[in-house]
Structure formats: structure tokens, C-alpha cells
Amino acid sequence: MERVKKAALEHGADALIGIGGGKLLDLAKSAGNSLQKEIILIPTLASTCAAWTPIYDDNVICPL
């Protein structure tokens, strides 16, 4: 996470984009939150709470 944070600061990033599976998305979220930057997550694996899950449906429980 320190390498990602350092690179984001060195390059003057406005946002962090995570593309991949759970560990990578967690890394992007953690680094982005730590730096108080916008975070964009693009999951590439179908799982319990993948991007295609209808998270706005009251009948679906999806921890975000």
C-alpha cells in the first residue's frame, strides 16, 4: 500500500482506479481512503458482490 500511495502522490493523482479482484480492489480502497482521493473500482471477477449485482435493490444484501 505504501508503494501505491507514494506513486499516487509523486504523480499528483486525483483519483485511484482499481481494476481486478478483491485484494487489488481492497488495496485501491485503502490507499485512496488514506490519501483522501476519489476511488474508482472496476471488478473483473464475478463473485458475491460483483459489479453486476443489483446493489440498489432493497431485497439484495451486499456489504459495501
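The values are calculated or read from the model by the stated rules, or taken from the named source; none is laboratory data. Predicted model, so just to flag it, every value in this text is computed and none were measured. Neighbour counts run over all protein chains shown; Cβ positions are idealised from the backbone, glycine included. When the accessible area is computed, the model is the full protein with side chains, heavy atoms only, and any ligands, DNA or RNA have been set aside. Shrake-Rupley method; radii C 1.70, N 1.55, O 1.52, S 1.80 Å.
Quick rundown of the values:
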{"item": "Residues being closer than 14 Å to Ile39 by Cα, of a type outside the set (D, E, K, R), part of a helix (DSSP H, G or I) and in contact with a helix residue (DSSP H, G or I) (Cβ under 9 Å, 6 or more places away or on another chain) - total across the range 4-28", "result": "4"}
{"item": "Test: residue in the range 9-17 that is open to solvent by 90 Å² or more (accessible area, probe 1.4 Å) and among the aliphatic types (A, V, I, L, M)", "result": "yes"}
{"item": "Contacts under 6 angstrom Cβ, first residue in the range 22-35 being charged (D, E, K, R), partner open to solvent by less than 80 Å² (accessible area, probe 1.4 Å) and not in a helix (DSSP H, G or I), 6 or more apart", "result": "Lys29/Ile39"}
